[in-house]
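One structure coming up, written as structure tokens, with questions to follow.
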Amino acid sequence: MTKKNLVLAAFIAAVVVLVDQLSKIWALTALSDGQTIPVIGDFISLHLVFNPGAAFSFLDNATWVFTILGTIFVAGALFFIRRLHTASLLYTAAVIWGGALGNLIDRFVRPPGIARGHVIDFIQYSDWFIGNIADIALVAGFGVLILIEIIKADTAPTLTEDTEQE
């Protein structure tokens, strides 16, 4: 793994975090009055909520648990990412890492307090759940990771000194 590939992965993760955090700032100002704005009929709409739990507000009384788990995941991913040997895995992991970091930032800086902050969700998918850009990055990233494993992308050319100098 070259420094160039790691820098690109860090850039990808940073873009995910930036888009996520900017979209949450927008949601706080544009949707703060509790309104629901239809985007695609009743299927996708915009509606601001503050989620103390995980997906589907799972364990909403255990925000600190998700802060600890998120911190371990984000820190551990840095060591894992450095060991990846294919571009597809590296860049997919960067998207996942960015999504995890985007929601972890909320846990640390949003009310009601440090390590207990609620994640800002605002993209409502019918009556199923409400998420955010970080959630989209996480789901899409893990979906691509599964596809990579299914199609055996690990047989793709590895990131070696020969292929990196092109």
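The values are calculated or read from the model by the stated rules, or taken from the named source; none is laboratory data. Everything numeric here is computed off the predicted structure, so don't read it as measured data. So basically every Cβ, Gly included, is an ideal-geometry build from the backbone, and we count neighbours across all protein chains shown. Protein only, heavy atoms only, side chains kept; ligands, DNA and RNA dropped before computing areas. Shrake-Rupley method; radii C 1.70, N 1.55, O 1.52, S 1.80 Å.
Limited to the stretch 10-26, what total is found for residues that are of a type in the set (K, R) and exposed (fewer than 13 other Cβ atoms within 10 Å of the Cβ)? Before the answer, list the steps.
Narrowing the stretch 10-26 to residues of a type in the set (K, R): 24.
Filter again for exposed (fewer than 13 other Cβ atoms within 10 Å of the Cβ), leaving none.
The number of residues fulfilling the criteria is 0.
Filter the stretch 114-135 down to the residues that are over 10 Å from I44 (Cα atoms), open to solvent by less than 40 Å² (accessible area, probe 1.4 Å) and touching an Asp or Glu at 6+ places or on another chain (Cβ under 9 Å) and list them by number.
G117, V119, I120, D121, G131, N132, A134
Could you please tell me which pairs satisfy a Cβ distance under 8 Å, a separation of 6+ or placement on different chains, a first residue in the stretch 29-53 that is under 22 Å from H118 (Cβ atoms) and free of Cβ contacts under 8 Å to residues at least 12 places away in the same chain, and a second residue that is in a loop (DSSP other than H, G, I, E, B) and open to solvent by less than 50 Å² (accessible area, probe 1.4 Å)?
What qualifies is I37/L31.
Conditions (1) in contact (Cβ under 8 Å) with a residue 40 or more places away in the chain; (2) in contact with a Lys or Arg (Cβ under 8 Å, 6 or more places away or on another chain), marked per residue:
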site	(1), (2)
D106	yes, yes
R110	yes, no
I114	no, no
D121	yes, no
Q124	yes, no
G141	yes, no
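Report the residue count in the stretch 94-113 for those that are over 12 Å from F50 (Cα atoms) and surrounded by fewer than 21 Cβ atoms within 10 Å (Cβ to Cβ). Can you show your working first?
Within the stretch 94-113, the first condition is being over 12 Å from F50 (Cα atoms), and the residues that meet it are 94-102, 104-105, 108-109, 113.
Restricting the remaining residues to those that are surrounded by fewer than 21 Cβ atoms within 10 Å (Cβ to Cβ) gives 105, 108-109, 113.
Counting residues in the stretch 94-113 that are over 12 Å from F50 (Cα atoms) and surrounded by fewer than 21 Cβ atoms within 10 Å (Cβ to Cβ) gives 4.
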